[in-house]
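Worksheet: the structure to be examined is printed underneath.
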């Protein structure tokens, strides 16, 4: 179970935010849920991506996308990938990975959400490049290229929850502006952190089984990308509540290690989603 959201901004960067919950079964068929997975990753200069659906296929896809775009540091220069080119030319590789996966893994589905900074287009100044969000879904992974800054796009089971969908709609005005952008002053990425706080509140106040309030925030510009955990300290009189990211896996082997101590019997890898 997953919720991954992404959007571009006219502030010169794009952002992607994901929860950390996975659902898996042990060999007895007992279902578990645990907040233990990082679902968004830097892929290449100016590109960051996340996945929903089968965790194993998701990791395989992002690893392949990273390899597909890898350029040795000494050859990178200051160039960036063109978003539409990346999606169009990687599509067949994504289809092959899904197509050759086991039927059990395919049952979990697969979807990718990519945020990319265009190296050629901008909003009147190179400081404010155009941001694209690209959605690709199994089995064909036909790229859906999105550039509407007045919308926040989402994938995973969280995107089907009406109250969450309404929250995303309410966060932005028709022109893409939000009062939360005031938090950007002196803090690049402050707006994205404000969006994450709003999502945290929505999940905390309206919990849905399989959607975690523990979030990762990814920010990408034409010069940098970063992924940070959403941590929060709440002070209510003398009471202090720390909301901090639990231990999470950032690759398949780490996830297997975490899950090995969660279930009363061996877990079923094909059922992790």
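The values are calculated or read from the model by the stated rules, or taken from the named source; none is laboratory data. Keep in mind that what you see is a predicted model, and the values were worked out from it rather than measured. Neighbour counts are summed over all protein chains in view; Cβ atoms, including those assigned to glycine, are modelled from backbone coordinates with ideal geometry.
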Test for residue 109: is it modelled with pLDDT under 90, surrounded by 13 or more Cβ atoms within 10 Å (Cβ to Cβ) and under 17 Å from the mean Cα position of the chain (by Cα): no
Some residue of region 190-210 being within 17 Å of residue 37 (Cβ to Cβ), part of a loop (DSSP other than H, G, I, E, B), at pLDDT 95 or above and in contact with a strand residue (DSSP E or B) (Cβ under 7 Å, 6 or more places away or on another chain): no
Residue among 159, 183, 154 that alone is outside any loop (DSSP other than H, G, I, E, B) and crowded, with 20+ Cβ neighbours inside 10 Å: 154
Test set (1) touching a helix residue (DSSP H, G or I) at 6+ places or on another chain (Cβ under 6 Å); (2) more than 25 Å from residue 57 (Cα to Cα); (3) in a strand (DSSP E or B) - residue 116 fails condition number: (2)
Region 131-145, subset touching a strand residue (DSSP E or B) at 6+ places or on another chain (Cβ under 9 Å) and surrounded by fewer than 20 Cβ atoms within 10 Å (Cβ to Cβ), residue farthest from residue 54 (Cα to Cα): 145
Any hit, region 52-63, residues being over 23 Å from residue 228 (Cβ atoms), touching a residue at least 24 places away in the same chain (Cβ under 8 Å) and exposed (fewer than 15 other Cβ atoms within 10 Å of the Cβ): no
Filter pass, residue 39 being modelled with pLDDT of 95 or more and either more than 28 Å from residue 99 (Cα to Cα) or crowded, with 21+ Cβ neighbours inside 10 Å (or both): yes
Failed item in (1) surrounded by 20 or more Cβ atoms within 10 Å (Cβ to Cβ); (2) under 23 Å from residue 144 (Cβ atoms); (3) out of contact with any strand residue (DSSP E or B) (no Cβ under 6 Å at 6 or more places or on another chain), with residue 49 passing the rest: (3)
Residue ID - surrounded by the fewest Cβ atoms within 10 Å (Cβ to Cβ), chosen from residues in region 85-106 that are part of a loop (DSSP other than H, G, I, E, B) and in contact with a helix residue (DSSP H, G or I) (Cβ under 7 Å, 6 or more places away or on another chain): 102
So residue 95, is it touching a residue at least 12 places away in the same chain (Cβ under 8 Å), under 19 Å from the mean Cα position of the chain (by Cα) and farther than 20 Å from residue 220 by Cβ: no
Given (1) surrounded by 13 or more Cβ atoms within 10 Å (Cβ to Cβ); (2) assigned to a helix (DSSP H, G or I), number of the condition residue 166 does not satisfy: (1)
From 254, 234, 242, residue being without any contact (Cβ under 8 Å) to a residue 60 or more places away in the chain, within 18 Å of residue 50 (Cα to Cα) and surrounded by fewer than 16 Cβ atoms within 10 Å (Cβ to Cβ): 254
Within region 124-150, tally of residues that are under 19 Å from the mean Cα position of the chain (by Cα) and either more than 15 Å from residue 84 (Cα to Cα) or not in a strand (DSSP E or B) (or both): 9
Residues (at positive phi and under 16 Å from the mean Cα position of the chain (by Cα)) located in region 170-209: 189
Cβ-Cβ under 8 Å pairs, at least 6 apart or on other chains, region 144-160 side farther than 12 Å from residue 133 by Cβ, far side modelled with pLDDT of 90 or more and in a helix (DSSP H, G or I): 158/164; 159/165
